[in-house]
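Peer 1: Below you will find the structure I want to go over with you.
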Amino acid sequence: MKVLVVGNGGREHAIAWKLKESNLVKELYIARGNAGSWEIANRVDVSPTDVKSLAQFALKEGIDFTVVGPEAPLVEGIVDEFESKGLKVFGPSKEAARLEGSKAFAKNFMEKYDVPTAQYSVFDSFEKAKRFVKDVGAPLVVKADGLAAGKGAVVCYSEDQAIDTLDRFMNRGALGGAGSRVVIEEFLEGEEASYIVMVNGESYVPLPTSQDHKRLLEGDKGPNTGGMGAYSPTPVIDKSLEERIKKEVIERTIKGLSKEGIFFRGFLYAGLMITSEGPKVLEFNVRLGDPEAQPLLMRIKGDFLESMLEFHEGKAVEIEEDNRWTLCVVLASRGYPTNPEKGKVIRGLDRVKDMQDVVIFHAGTDTRDGQVITAGGRVLNVCAYGKTLREAKDRAYGAVSEISFEGMQYRKDIGDKAFKFLSSR
Ligand code: AMP
Ligand code: GLY
């Protein structure tokens, strides 16, 4: 069959890599992809958010199944567009994608259906938001209502920082329209983890657990980014906590969606803070995480395309997990996340290509004169397997040391947060 993956980044390269293993795939396409994913899939030169042109392409080419990577086309309504033309696609409708597309919608939904989350208030007026900050004091978290590519949440440790953030979002249009409405949230302490499931109406199937590293710098310092590295599984989520997450977060969310008359089919990602009171939802995403998808998909055994197709049809499926660990280090450009440099030649890819138990996914890359160059903030995802997390980490960083480009930056402590849970492993 013909399969289309929509998206440009490392997550979509990983999705394409995993689907390509399936014997069911005759032709694989990626729109628009990058220098890495073009090596395994046919390049479709259409922007992921140009949903009408993508649907036309899929019709013309006879695409049998489409998997959507990023949130922007989902929030734009790609699934509605494809389904209205009879095309089979995995992802939530525009209406269901509001769980990610509007923080205010998500928070109100969680409150209504008793899904544990931080206390919050929603503001359209800068003056009212400012007064609220003065009343409750720091620390607190300011979040833009709309999509902001990982840059819309700011943990504020002082009132001045919170008011400055509100001013940037609400008055100075730092995030375009996405910041004109904000959510101000109670600051939660704890360990973060990502819990991702596939949902089809009222049924769901869990995928391997993972943990992201959102901050730019080691020791969780610096600004929030889209994610600087991840590993799977995360020992933060043990069996009993997983049961609690299923009951209190996933099942309440799915029931709530159904009560609201919103049909959800696709990946549902709960970004969690594991607090002393239990798991609380920081955010919902309606897609796989990036970079969590990379180590997560590496741990799925068997034919994932077949599982997705059966699940899409409403059958119950089980996902078998590889019992090895996987770890992913993001190599980013100088200037990321605010103003990344582009166009730098990447060296060393040949040296890591055939390394055992190492997988390289491209994120922001392109080609120029036969060379691979940087083309975005997050450039490469260097991933590895290991019998232990330590082994996966050492192997991934071994590969990282072979790669270079001007201004390359990365965190050296990916995975370290897990070691304190793992003294015996
Ligand atoms: P979000 O986009 O809502 O996931 O927020 C991005 C990041 O900001 C999260 O991964 C956390 O590291 C941090 N964050 C968000 N909300 C809170 C909160 N209520 N308390 C503490 N940290 C938070
Ligand atoms: N890595 C976090 C996200 O994809 O939203």
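Bear in mind that the values in this text are calculations on the coordinates, not laboratory data. Since the structure is predicted, the reported quantities are computational estimates derived from the model, not experimental observations. Positions of Cβ are backbone-derived with ideal geometry, glycine not excepted, and every protein chain shown enters the neighbour counts.
Peer 1: So what are the stretch 137-271's ellipsoid semi-axes, whole angstrom, largest first, if each one is the square root of 5 times an eigenvalue of the alpha-carbon gyration tensor?
Peer 2: Equivalent ellipsoid of the stretch 137-271: 29, 20, 14 Å, largest first.
Peer 1: What is the diffusion coefficient of the chain in µm²/s, taking the Kirkwood radius over Cα pairs and the Stokes-Einstein relation at 4 °C with a viscosity of 1.567 mPa s?
Peer 2: The calculation lands on 59 µm²/s.
Peer 1: I've got another one for you. With +1 on the Cβ of every Lys and Arg and -1 on the Cβ of every Asp and Glu, and nothing else charged, how large is the dipole of the stretch 81-184 about its Cα centre, in debye rounded to the nearest 20?
Peer 2: In debye, rounded to 20, the stretch 81-184 gives about 180.
Peer 1: So, in Å, what gap is there between the alpha-carbon centers of the stretch 66-106 and the stretch 257-283?
Peer 2: 17 Å
Peer 1: Let me ask something else about it. Taking the Cα centre of the stretch 254-372 as origin and charging only Cβ (+1 Lys, Arg; -1 Asp, Glu), how large is the dipole, in debye to the nearest 20?
Peer 2: 460 debye
Peer 1: Between the stretch 166-243 and the stretch 25-64, how many Å separate their Cα centres?
Peer 2: Taking the Cα centre of the stretch 25-64 as reference, the centre of the stretch 166-243 is 28 Å away.
Peer 1: I've got another one for you. In this model, which of K60/K94; K344/K393; K103/K128; K26/K393; K221/K301; K246/K412 are farther than 29 Å apart at the alpha-carbon? Intermediate values should be presented prior to the final figure.
Peer 2: Working: K60/K94 23 Å; K344/K393 26 Å; K103/K128 18 Å; K26/K393 35 Å; K221/K301 35 Å; K246/K412 32 Å.
Beyond 29 Å between Cα atoms: K26/K393; K221/K301; K246/K412.
Peer 1: What is the magnitude of the charge dipole of the chain about its Cα centre, with +1 placed on the Cβ of each Lys and Arg, -1 on the Cβ of each Asp and Glu, and no other charges, expressed in debye to the nearest 20?
Peer 2: With only Lys, Arg, Asp and Glu charged at Cβ, the dipole is about 460 debye.
Peer 1: Using 0.36 nm times the number of residues separating S121 and S53, minus their current alpha carbon distance, what extension gain do you get?
Peer 2: Full extension of this stretch gives 20.6 nm more.
Peer 1: Now for a separate question. Using per-residue counts of other Cβ atoms within 10 Å, averaged over each peptide, order 40-52, 329-341 from highest down.
Peer 2: Ranked by mean Cβ neighbours within 10 Å, highest first: 329-341, 40-52.
Peer 1: Summing +1 for each Lys or Arg and -1 for each Asp or Glu, what net charge is found among the other residues whose Cβ lies under 10 Å from the Cβ of G10? The partial results should precede the final answer.
Peer 2: Numbers: positive: R11, R378; negative: E12, D290.
Net charge around G10: 0.
Peer 1: Here is a further query. If each residue's Cβ is checked for other Cβ atoms within 10 Å, how do L74, L59, L87, L4 rank with the fewest at the top?
Peer 2: Listing L74, L59, L87, L4 from fewest to most nearby Cβ atoms yields L59, L87, L4, L74.
Peer 1: Which of the trypsin sites (Lys or Arg not before Pro) across the stretch 56-165 are loop residues per DSSP, with 14 or fewer other Cβ within 10 Å?
Peer 2: K85
Peer 1: To make sure I understand, if each residue's beta carbon is the centre and we count other beta carbons within 10 Å, what order do E61, E242 fall in, fewest to most?
Peer 2: Going from sparsest to densest Cβ surroundings: E61, E242.
Peer 1: Contact order normalised by length for the chain, with contacts defined as Cα pairs under 8 Å and 6 or more residues apart; what percent is it?
Peer 2: 16 percent
Peer 1: Then there's this: Along the charge dipole of the chain, Cβ charges K/R +1 and D/E -1, which of F264, S307, V6 sits furthest on the positive end?
Peer 2: Sorting the options by dipole projection puts first V6.
Peer 1: May I ask you to compute the full-extension gain from D413 to D394, defined as 0.36 nm times their residue separation minus their alpha-carbon distance, rounded to one decimal in nm?
Peer 2: Full-extension gain reported as 5.8 nm.
Peer 1: Follow-up question, since we're still on this one. Can you give me the relative contact order of the stretch 1-153 as a percent, contacts being Cα pairs under 8 Å and 6 or more apart? Display every interim value, and only then the final one.
Peer 2: On the way: 224 pairs, mean separation 26.2, N = 153.
Relative contact order of the stretch 1-153: 17 percent.
Peer 1: A further question follows. With only alpha-carbon atoms in the gyration tensor, what are the semi-axes of the equivalent ellipsoid for the stretch 245-337, in Å, largest first?
Peer 2: 25, 21, 15
Peer 1: Only Cα pairs under 8 Å and at least 6 apart count here; give the relative contact order of the stretch 266-330 as a rounded whole percent.
Peer 2: RCO, the stretch 266-330: 27 percent.
Peer 1: Please rank Y113, Y410, fewest neighbouring Cβ atoms within 10 Å first, as an exposure proxy.
Peer 2: Listed from fewest to most nearby Cβ atoms, that is Y113, Y410.
Peer 1: Which one of I184, I63, T367 has its Cα pushed farthest toward the positive end of the charge dipole of the chain, where Lys and Arg give +1 and Asp and Glu give -1 at the Cβ?
Peer 2: Most positive-ward Cα: T367.
Peer 1: OK, next. Among all cysteines in the chain, which have no other cysteine Cβ under 4.7 Å from their own Cβ?
Peer 2: Singleton cysteines: C156.
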